[in-house]
């Protein structure tokens with residue numbers, strides 16, 4: 001029994017689909033390139049079968065021949081598309097491998113960058129600490145230098161003070177030596193004056209005892225003597241001396 005034209009067309013479609021799926025292998029059936037090839041082959045097959053059916057020459061032998069012809073065409077087309085898909089798959093796998101390698105390299109680089117950042121932060125911390133220590137040392141050094149300068153200035157000032165004191169000491173020693181000499185002269189003069197006062201005291205004592213000598217103070221100094229007149233020992237004899245304008249004057253006298 002000969003198949004109907006519609007059944008023959010459906011049979012050819014099914015065989016082409018099976019052959020296409022079989023030869024596609026591990027290729028991606030859903031890829032745009034494979035779908036385009038499948039659509040082209042299917043359309044071409046439908047067109048050929050429809051033309052054959054319209055001419056009224058559809059028979060088992062003719063259909064089988066056409067199917068064999070279409071199978072060969074589809075096999076070649078599928079082989080070509082399979083090669084293209086394999087090339088695309090290889091290229092895709094290479095691209096995927098390259099992307100994977102790039103991703104792994106990126107991850108590795110990120111890890112390295114993270115480590116480098118950590119090392120950089122540690123280096124920055126060490127640098128900050130070193131700068132802080134250096135700053136403290138420089139500040140301490142400057143403070144020590146200032147202290148040394150101040151100490152040197154004080155030493156120079158003390159040297160000047162000591163030199164001044166030495167000069168004053170020599171001056172004072174000279175003054176003291178001169179004062180000692182003056183003091184010695186004063187002591188000699190005092191001793192001489194003491195001797196003179198003693199002599200004057202003895203003379204006054206003698207005048208008092210022998211001549212009844214006494215002194216009265218008023219407008220000048222009045223020197224009074226008694227025991228001069230043998231007849232009247234109480235009779236007084238006197239003279240007065242006054243100091244006027246740095247001159248001595250004898251104002252009153254009884255002799």
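The rows are residues; the columns are (1) surrounded by fewer than 11 Cβ atoms within 10 Å (Cβ to Cβ); (2) in contact with a strand residue (DSSP E or B) (Cβ under 6 Å, 6 or more places away or on another chain); (3) modelled with pLDDT under 85; (4) not in a helix (DSSP H, G or I).
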position: 56; (1), (2), (3), (4): yes, no, yes, yes
position: 62; (1), (2), (3), (4): no, no, yes, no
position: 66; (1), (2), (3), (4): no, no, yes, no
position: 70; (1), (2), (3), (4): no, no, yes, no
position: 74; (1), (2), (3), (4): no, no, yes, no
position: 81; (1), (2), (3), (4): no, no, yes, no
position: 87; (1), (2), (3), (4): yes, no, no, no
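If you go through the stretch 192-201 one residue at a time, do you hit one that is under 60 Å from the mean Cα position of the chain (by Cα), more than 30 Å from residue 232 (Cα to Cα) and without any contact (Cβ under 8 Å) to a residue 60 or more places away in the chain? Give the steps one after another, and end with the answer.
Here is the first cut: in the stretch 192-201, the ones under 60 Å from the mean Cα position of the chain (by Cα) are none.
The answer is no, given that none of the residues of the stretch 192-201 is under 60 Å from the mean Cα position of the chain (by Cα), more than 30 Å from residue 232 (Cα to Cα) and without any contact (Cβ under 8 Å) to a residue 60 or more places away in the chain.
Got at least one residue in the stretch 134-156 being more than 34 Å from the chain's Cα centre (by Cα) and modelled with pLDDT of 90 or more?
Looking through the stretch 134-156, at least one residue is more than 34 Å from the chain's Cα centre (by Cα) and modelled with pLDDT of 90 or more.
The values are calculated or read from the model by the stated rules, or taken from the named source; none is laboratory data. Please read these numbers as outputs of a predicted model, since none were measured by experiment. A quick note on method: Cβ atoms are made from the backbone with ideal geometry, for glycine too, and the neighbour counts reach across all protein chains shown.
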